[in-house]
Amino acid sequence: MRLRLLFVVLAAALMVGALFLHPPLWVYPAVFALIFLFYANTFSERVPLYLSNRTTWAALALVLDGETIAVGRRPAFVDLGCGLGGTLAYLARARPDWDIVGVETAPGPYLIAKARTAFLPNAQVRFQTLWKTNLAAFDVVYAFLSPVPMPKLHAKVAAEMRPGTLFVSNSFWADGQPYDGVIEVNDTRSTRLIFSKK
Ligand SMILES: C[S@@+](CC[C@H](N)C(=O)[O-])C[C@H]1O[C@@H](n2cnc3c(N)ncnc32)[C@H](O)[C@@H]1O
């Protein structure tokens, strides 16, 4: 619903701009290119771009601290749909002992996330759909998506994640799926991090 509203508002703003401001012709393809770069996957996936905030990043860093990892290997975190890479950059700096991975299919956010983490040796951004990401490779899997993909994502989590690993979802959880707890983040959005231990 919110997604449709966003596109209606965008379309209305474009029409009003075109009617009253008479912009040069190149503005139209430029605006469409910009929308494509950032929202190319939105219609197919039903997941718009909105971002975790810094307080949530700090809460996730504490979650990583709480995970016990077998000695002798580096633990790994993945952000499924990493957006502009803010979560990745924060966690890669805060937890240099972890490998921090993000996957993203919208070209604009992917490029920004890639640039933002370019000099962080323990961060990696892949232009890859979350549906083709093997979750068995990770100790903590994080997602901030929308209600639409959650039933399918829960099935993927159940099929792929190893015992003892942790799935954390910001705000959304599939109806009827059990969970082990909720972290109430003390931010202005009252963010809820819902988690289940495999
Ligand atoms: C709500 S944003 C969250 C961004 C980031 N995880 C954060 O917490 O700030 C969701 C992101 O998922 C991306 N996305 C949607 N479907 C995807 C898919 N199938 N594979 C990878 N990324 C996807 C969107 O492009 C968007 O950047």
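Rule-based calculations on the coordinates, nothing more; no lab input. Please read all numbers here as calculations on a predicted model, not as lab measurements.
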Taking the chain and counting helices only, DSSP H stretches of n ≥ 4 at -39,500 (n - 2.57) each over all residues, the nearest-500 ellipticity at 222 nm comes to -12500 deg cm²/dmol
At q = 0.18, 0.25 Å⁻¹, the log10 of I(q)/I(0) for segment 15-76 from a Debye sum over equal Cα scatterers comes to -0.86, -1.01
In whole percent, the Cα-Cα distances of segment 53-124 spread across 10 Å bins from 0 upward as 21, 53, 22, 3
For the table LYS152/LYS198; LYS114/LYS198; LYS132/LYS197, the rows whose alpha-carbon distance is greater than 24 Å are LYS114/LYS198
Over all viewing directions the Cα convex hull of the chain casts an average projected area in nm² of 12.5 nm²
One finds the C-alpha centres of segment 134-188 and segment 7-28 to be spaced, in Å, by 39 Å
For the chain the mean separation of alpha carbon contacts under 8 Å (6+ apart) over residue count, i.e. relative contact order in percent, is 17 percent
